[in-house]
């Protein structure tokens, strides 16, 4: 009995170590599989002269991956709307002291790309590099990471989270995007409704019994894009405490993302701190009237650069190319 006890203990230790090894191997394989689902794109970033870790997060309007059950009549096809534009552009700035700022960059803000003016949303038609270079040349933002999520992926992630809650000042609708929220206050949005909200440019709000067009459609679009994305990050961070929920969420998310080749799954966890309320980057007031496409464009002005300087960005940025 005495001689057998050490042997049993050794066997118990060996079995325990074997179980741990198998579990670690399973986790490693899982992480490899999840990482392989993330699409990668080559992006050359500027050489930063600051210590800010700057992420550019884009909600793409590519029609290549529409939400499940979505109508091509509502969204259009890749033939109708080729390529990809940036519906939402968020700048997430992470500082050495652990704080984070989230700034929504208007999709209609004019950037200089290849020495020509172009709205930020259309800079993406030259690929992520066009947007990264335009932000550097025009706004002096030296990005360090690029992350993109498309229509279908966005809807799937929101639905996997069980929807999100946002506060609406008035009932709101927009037949063009399919948005229809008949009540104000704290409302629960599923993936399709959240997407309709962030895509809405011609929304109407029910005020004093009458449907009134929003006077600043493009700015509202940027605002709601930032709010919704921050709500998604906050809820995802909360849900991640449940391993089973986390696994399902990671599976959906990794299949919906495109990142620069230097940004991996572990790097993406740093975005979990980006759940605060976003602010919109100040800019020249829009003259958009609802029909004139040219009037959508807005220019950066003194308030734009003052806000960026306050955020810690230098007064010079040179694109990598």
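Structure data summary
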{"quantity": "Segment 39-58 - residue that is farther than 17 Å from residue 134 by Cβ and under 17 Å from the mean Cα position of the chain (by Cα) and, of those, modelled with the highest pLDDT", "calculated": "53"}
{"quantity": "Residue match in segment 214-232 (condition: part of a helix (DSSP H, G or I), modelled with pLDDT of 90 or more and within 16 Å of residue 57 (Cβ to Cβ))", "calculated": "no"}
{"quantity": "Members of segment 100-125 found to be in contact with a strand residue (DSSP E or B) (Cβ under 9 Å, 6 or more places away or on another chain) and outside any strand (DSSP E or B), listed by number", "calculated": "105, 106, 107, 108, 120, 121, 122, 123, 124, 125"}
{"quantity": "Test: residue 193 is at pLDDT 90 or above and either surrounded by 13 or more Cβ atoms within 10 Å (Cβ to Cβ) or touching a helix residue (DSSP H, G or I) at 6+ places or on another chain (Cβ under 9 Å) (or both)", "calculated": "yes"}
{"quantity": "Selection within segment 254-279 - over 25 Å from residue 223 (Cβ atoms), more than 14 Å from the chain's Cα centre (by Cα) and surrounded by fewer than 19 Cβ atoms within 10 Å (Cβ to Cβ)", "calculated": "255, 261, 262, 264, 265, 266, 267"}
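The values are calculated or read from the model by the stated rules, or taken from the named source; none is laboratory data. Being a predicted model, the structure only gives us computed values, none of them experimental. So basically every Cβ, Gly included, is an ideal-geometry build from the backbone, and we count neighbours across all protein chains shown.
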